[in-house]
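Everything below concerns the one structure shown next.
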Amino acid sequence: MGINRSQFMVISSAEVDRLSAISYNEQNQKAKEKNILVTSGPTYNRLKTISNRLIAQTSVFRDDTRQWNWQLTLINAPILNATCAPGGKITFYTGLIDQLNLTDDEIAAIMGHEIAHALREHGRERLSQAMTQNALTSIALAAAGPYGSAINAANQATQYILVLPNSRQNESEADAIGIELAARAGYNPQAAISVWQKMNKATEGKNPPEFLSTHPSGDTRIEQITGLLPAVQPLYISAPKAKPGL
């Protein structure tokens, strides 16, 4: 998609990946304790197939993703949310898939968008900005301390990496890379539009869910994605498609 801009970074990618992994493992452990961590079954298998196809295309954007420790988590909770933490830590909630009745193409659109944030290191960028503003001066020291302190530091970092809203620029980059990633993996990039149409309809007149709090939506976004489709449609047409039921 020709995205090329300088990014301000003061924390290493290795440290951000380490903090993200700590928080991700903590999330999974809590889900396991609540008996809501899904590790098998039709929905998990769908996500696994889609994630494998998307991950296989990430090296088009950066070679080092071949060495990333990619992981997939599915949590059984009525939450409309999905994320991909730095280093390739993907999380989906069943609420997002079930309440929106997502197709494989639509799941790929969402997952591709989230993976794109990790590919572009938007979390590391936002964390660097926060540290420069002295908002997170304790992170580096706490992360080096006892395990409990490391968890606190990691969870604090995750607020900036995954929870707080991204800039409009970062969202536009993730949209552009996400639909190209989905197209290269054999998923229809037009599904990115139907995802937002479904999301807007499901949340009309309600408080926005966590997913929308970090992802601007609306007609303008759909219009921007529509403008990106002609460039990636040929990639989808020429890409191998997933077999039905896989």
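Test N188 against the criterion of being at pLDDT 85 or above, open to solvent by 30 Å² or more (accessible area, probe 1.4 Å), of a type in the set (S, T, N, Q) and under 18 Å from I97 (Cβ atoms), and give yes or no. So that I can check it myself, show each step before the final result.
Details: at pLDDT 85 or above: yes; open to solvent by 30 Å² or more (accessible area, probe 1.4 Å): yes; of a type in the set (S, T, N, Q): yes; under 18 Å from I97 (Cβ atoms): yes.
When the stated conditions are applied, N188 passes them.
For the stretch 37-48: of the residues being open to solvent by less than 90 Å² (accessible area, probe 1.4 Å) and more than 20 Å from the chain's Cα centre (by Cα), which is nearest to T103 (Cα to Cα)?
First, pick out the residues of the stretch 37-48 that are open to solvent by less than 90 Å² (accessible area, probe 1.4 Å): 37-38, 40-41, 43-48.
Those still in the list that are more than 20 Å from the chain's Cα centre (by Cα) too: 40-41.
On the way: S40: 19, G41: 17 Å.
It comes out as G41.
Quick test for you: out of Q99, Q133, pick the one residue that is open to solvent by 50 Å² or more (accessible area, probe 1.4 Å) and modelled with pLDDT under 90.
Criteria check complete, one pass: Q133.
Go through the stretch 99-114 and count every residue that is under 8 Å from the mean Cα position of the chain (by Cα) and hydroxyl-bearing (S, T, Y). Please lay out each step first, then the result.
At the first step, the residues of the stretch 99-114 found to be under 8 Å from the mean Cα position of the chain (by Cα) are 110-114.
Next, only the ones that are hydroxyl-bearing (S, T, Y) stay: none.
Residues meeting the conditions: 0.
The values are calculated or read from the model by the stated rules, or taken from the named source; none is laboratory data. Just so we're clear, the structure is a prediction, and the values are computed from it rather than from any experiment. In this analysis, Cβ positions are derived from the backbone assuming ideal geometry, glycine residues included, and neighbour counts consider all displayed protein chains. These accessible areas exclude ligands, DNA and RNA; they are computed on the full protein's heavy atoms, side chains included. Shrake-Rupley method; radii C 1.70, N 1.55, O 1.52, S 1.80 Å.
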